[in-house]
Amino acid sequence: MFNGNCITCHKETQTISAPSVVKFKEVYKNAFPEKEEFINYMSTWVFNPKAESSLMQDSIQKHGLMPHLSYDIDTLKEISAYIYETDFTTRGGKYWSK
Ligand code: HEC
């Protein structure tokens, strides 16, 4: 799910049209070291992206606010958990499957 969708805009280690996964994960992990909070905040934010609750104001300036995607909250929680668990820095930029 993450690979098919989020990856369109978020590359693993390179920031092109949106911050890389490595980058936003780092920001979120610093803010929410606890897995549960990380998952809750990220899934809620992606469910309804808002500038006010963004942790990455500089990215909004640079790329514009992330568009709303039509995922249900449970799917987003799964994706957020996957992001929390996965080390994207060792993947070498190639696509992988869950
Ligand atoms: C159409 C392009 C696009 C897609 C698809 C997309 N994103 Fe984003 N995303 C962005 C852009 C651009 C930003 C940077 C601006 C911002 O923070 O709103 C961003 C920012 C983020 C942030 C940082 C939020 C913050 O605090 O500002 C998270 C987390 C995130 N995306 C997660 C995801 C996840 C998870 C998916 C897949 C379910 C996804 N994105 C799919 C474009 C996209």
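Can you find a residue in region 27-36 that is modelled with pLDDT of 95 or more, open to solvent by 30 Å² or more (accessible area, probe 1.4 Å), outside any helix (DSSP H, G or I) and among the charged types (D, E, K, R)? Yes, that holds for at least one residue.
Of all residues in region 39-53, those satisfying the criterion of being part of a helix (DSSP H, G or I), near the ligand (Cβ under 10 Å from one of its atoms) and either exposed (fewer than 12 other Cβ atoms within 10 Å of the Cβ) or not polar (S, T, N, Q) (or both) are Tyr41, Met42, Trp45, Val46, Phe47.
Restricting the first member to region 66-95 and to residues that are within 19 Å of Thr15 (Cβ to Cβ), and the second to residues that are at pLDDT 90 or above, the beta-carbon pairs closer than 6 Å and six or more apart or on different chains are Met66/Pro49; Ile83/Lys25; Phe88/Val21; Phe88/Val22; Thr89/Val22. Taking the listed residues Lys25, Lys35, the one that is in contact (Cβ under 8 Å) with a residue 12 or more places away in the chain and within 19 Å of Thr90 (Cβ to Cβ) is Lys25, with no other qualifying. Between Lys23, Lys11, the distinction of being assigned to a helix (DSSP H, G or I) and surrounded by 13 or more Cβ atoms within 10 Å (Cβ to Cβ) belongs to Lys23 only.
If you go through region 54-63 and keep only what is near the ligand (Cβ under 6 Å from one of its atoms) and either exposed (fewer than 11 other Cβ atoms within 10 Å of the Cβ) or not β-branched (Val, Ile, Thr) (or both), you end up with Ser54, Leu55, Met56, Ser59, His63.
The number of residues in region 54-79 that are assigned to a helix (DSSP H, G or I) and touching a helix residue (DSSP H, G or I) at 6+ places or on another chain (Cβ under 9 Å) comes to 9.
The values are calculated or read from the model by the stated rules, or taken from the named source; none is laboratory data. Note that the coordinates shown come from a computational prediction; the quantities given were computed from them, not determined experimentally. Reconstructed Cβ throughout: ideal geometry from the backbone, glycine too, with neighbour counts over all protein chains shown. Calculation scope for accessible area: heavy atoms of the full protein, side chains included, ligands and nucleic acids excluded. Shrake-Rupley method; radii C 1.70, N 1.55, O 1.52, S 1.80 Å.
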